[in-house]
Amino acid sequence: MRKALYAAGLLSVALAVLLVAWFFAGWADVRARQMAERTAPIKAAEARAVELAQDLRGELTGLLAREIDRPYFHYQNLFRDPRASRGTGVTPSPLASGPADSLVMGYFQLDAKGRATTPTINDDVPELSEPRQIASNLAFRGEVIRSLSSKLAPPPSAIVVAAADPVPARPRAGSSLRRPVAVAQTLEPAPRPSRPVTQQQVAPQADPITPQQVAEQQVTRQQDAQVITIDRSSYAQNSLSNQIYQENTPQQMQQQRAVTPRAQTRSRVPAPTVDPAPSPPEPPPPVTAPELPVPRVTPPRRAAPRVAPAIPEPPVTNDEPDDPVTIIVSPFEWRTLPFAGVPALVAVRDVDTPDGGLVQGFVIDRATLTSWLARNAGDAIVELRAVDSAASGPEIAPGWHLGVSAHPRALAKATVDAAQLASSFLARFILIGIIAALAAGFVVLLVARSERLARERSQFAAAAAHELRTPLAGLQLYGDMLADGLGDPAKQRDYARRMSEEASRLGRVVSNVLGFSQLERGNLSVEPEVARLDEELRRLAERAQPALDRAGAALSLEVSSELRAKFDRDALARIVGNLLDNAEKYGRDAEDRTIELSARQSGDAVEVTIADHGPGIGQHVRAKLFRPFARGVSADGPAGLGLGLALSQSLARAMGGELEYRAAARGGAVFVLRLMSA
């Protein structure tokens with residue numbers, strides 16, 4: 001016990017030093033983690049705002065790229081597509097049914113006379129107005145007039161745009177002049193209706209450029225502005241699109257005017273829906289477009305382009321040649337303007353035409369942006385702000401930023417999580433302290449157990465010497481009698497049989513010692529196989545019967561026939577031999593010294609039972625019955641090593657079975673060996 005006490009004191013001191021050092025180091029780490037936990041929602045909100053701003057910038061950039069490619073004449077309700085077949089005729093704008101992009105609230109166009117128009121409303125031809133959202137469309141145009149006209153309407157200009165010498169777009173206040181550069185993209189008139197409409201590049205040719213080829217629409221992009229050349233007929237039809245539509249559909253217009261008074265026709269409320277894209281009659285009647293105040297221009301000097309196959313020229317209704325008209329379209333730029341009483345993000349561009357300047361643009365729907373942010377903000381609170389300082393949050397457009405703050409619920413949760421960090425550390429410290437104390441106690445128990453094992457081994461050595469001495473003494477006695485011719489000569493065979501029995505007993509002792517040694521080293525092995533269990537038990541009973549008879553014990557065998565099980569023959573012999581030897585040894589003082597050996601099928605297993613009528617095993621001994629060196633009797637009881645039951649149970653488990661003790665109601669001990677059935 002001195003070793004156990006010394007180990008306990010040493011472990012207590014070492015454990016205390018380690019726990020104190022760990023507490024101070026761990027508590028400092030907990031404080032740092034609490035600070036990180038409290039600031040995590042703020043950092044997560046800022047990171048989420050950066051991601052949302054990047055997504056919104058991408059959406060706005062893509063929208064602006066699509067709108068830059070949109071022709072200027074799409075911003076009116078009816079337009080003449082220069083790529084259409086020659087003749088007269090107009091078609092509804094792609095924007096006449098409303099914005100195709102959910103980010104856009106609406107499109108507008110302002111001219112130098114202060115007029116504001118939108119593609120969805122046609123005052124001259126009300127039936128072409130978009131009928132489903134007429135109220136919101138009228139409200140949008142009214143707000144454009146109130147909020148944007150005075151700030152964006154172009155001033156009256158007498159600038160004449162020449163095709164031979166394009167000029168840059170009129171600079172907007174606060175913007176820089178833009179220098180032109182050519183971009184290789186050209187729009188051509190489509191062939192006749194009998195062939196599909198195509199869009200192709202115009203390649204240079206060696207032939208000189210004819211006036212008809214010059215009259216074809218050409219688009220040349222500059223670095224900051226688009227210089228568009230369009231034939232005079234298409235330009236005139238775009239300028240008078242409503243008149244062209246009315247002249248091409250006279251019967252419809254007469255019926256409409258007969259039903260709707262002129263005052264109502266001029267109002268901004270559309271008539272019932274009619275066909276928004278009437279096809280011109282075949283063949284289209286020639287329409288004489290009024291002469292426009294556009295000077296004659298000279299085509300630019302450049303390489304002669306290759307054109308599509310020759311198409312019959314359209315009739316020219318005036319005396320001037322069909323010279324091209326040049327239109328300069330500036331790029332879109334973002335501006336922050338008041339709209340409906342709140343700041344709005346507006347994309348604006350200038351269009352310089354021979355009839356004067358135009359301002360075209362579209363308004364971003366702030367409600368759509370706000371709704372999108374609410375859906376994708378997660379735990380952060382993100383709002384759209386129109387401010388001048390970039391310090392308020394990530395920028396999505398010039399002058400527009402995202403204001404971000406962590407959600408109060410996330411901040412409250414972070415506070416709770418920070419408190420839980422301290423609680424968790426304390427609980428973990430206490431738990432590990434308890435575990436360490438238990439481990440130290442376990443070490444002390446191991447030291448104490450090692451001392452106990454040392455005592456048991458000493459007792460084992462004494463018991464082994466006694467167990468070995470008894471059969472050796474019998475062997476020596478009967479051997480001397482046979483060698484010296486002593487005793488009854490008629491009992492010599494009996495003497496030889498007794499010598500064999502003592503040798504068998506000695507063999508069991510040695511076998512148990514060797515088996516326990518194998519068990520401790522972990523190399524106890526068996527080779528079970530399926531065989532006739534009833535035959536093997538009868539053979540073992542016949543071998544043990546003579547020794548039991550001489551000891552005054554009787555063996556009763558009751559085994560079912562044709563009983564098959566999976567077992568190892570040597571292991572089964574050692575188990576049955578140990579159990580029979582114990583039954584004979586501990587039942588010597590019983591009145592009935594019958595030992596019962598039986599075997600029967602029990603479900604999917606075979607049970608081999610060995611029972612005696614001795615004193616049985618006390619309740620206090622059963623818990624350690626199958627431990628090595630454990631015995632169920634006092635020191636003055638029958639001699640033994642205390643290894644037979646421990647070794648037998650290990651052999652039974654190695655075969656896939658089990659050996660257990662069952663108390664008998666009539667007294668005695670009952671051991672049951674369960675084996676796997678075949």
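Data overview
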quantity	calculated
Burial ranking of peptide ranges 13-20, 570-577, 621-628 (average Cβ count within 10 Å, highest at the top)	570-577, 621-628, 13-20
Highest average packing first - 428-439, 55-66, Cβ atoms within 10 Å	55-66, 428-439
J(HN,Hα) series, the range 444-451, from Karplus relation 6.51 cos²θ - 1.76 cosθ + 1.60, nearest Hz, glycine and proline x	4, 5, 5, 4, 5, 5, 4, 5
Net length gained if the chain between Ala663 and Glu542 were fully extended (0.36 nm per residue, minus Cα distance)	40.9 nm
Difference of contour (0.36 nm per residue) and Cα-Cα distance, Arg57 to Ala340	99.5 nm
Separation of alpha-carbon centers, the range 348-371 and the range 71-114, rounded to whole Å	13 Å
Cα shape, the range 490-590, gyration tensor, a/c 1.5 rule	oblate
HN-Hα J in Hz across the range 530-541 - Karplus 6.51, -1.76, 1.60, θ = phi - 60°, x for Gly and Pro	7, 8, 6, 6, 5, 5, 5, 5, 5, 5, 5, 5
Positive dipole terminus of the range 1-141, leading residue within Ala32, Asn122, Ile134 (C-beta point charges)	Ala32
Extended-chain gain in nm, criterion 0.36 nm per residue less alpha-carbon gap, Lys151 and Ala386	82.8 nm
By average C-beta atoms within 10 angstrom, highest first, the peptides 479-485, 604-610	604-610, 479-485
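Values quoted throughout were computed directly from the atomic coordinates according to the rules given, and no laboratory measurement underlies them. Here the structure is a predicted model, which is why all the values come from computation and not from measurement. Every residue, glycine among them, receives a Cβ derived from its backbone with ideal geometry; neighbour counts consider all protein chains shown.
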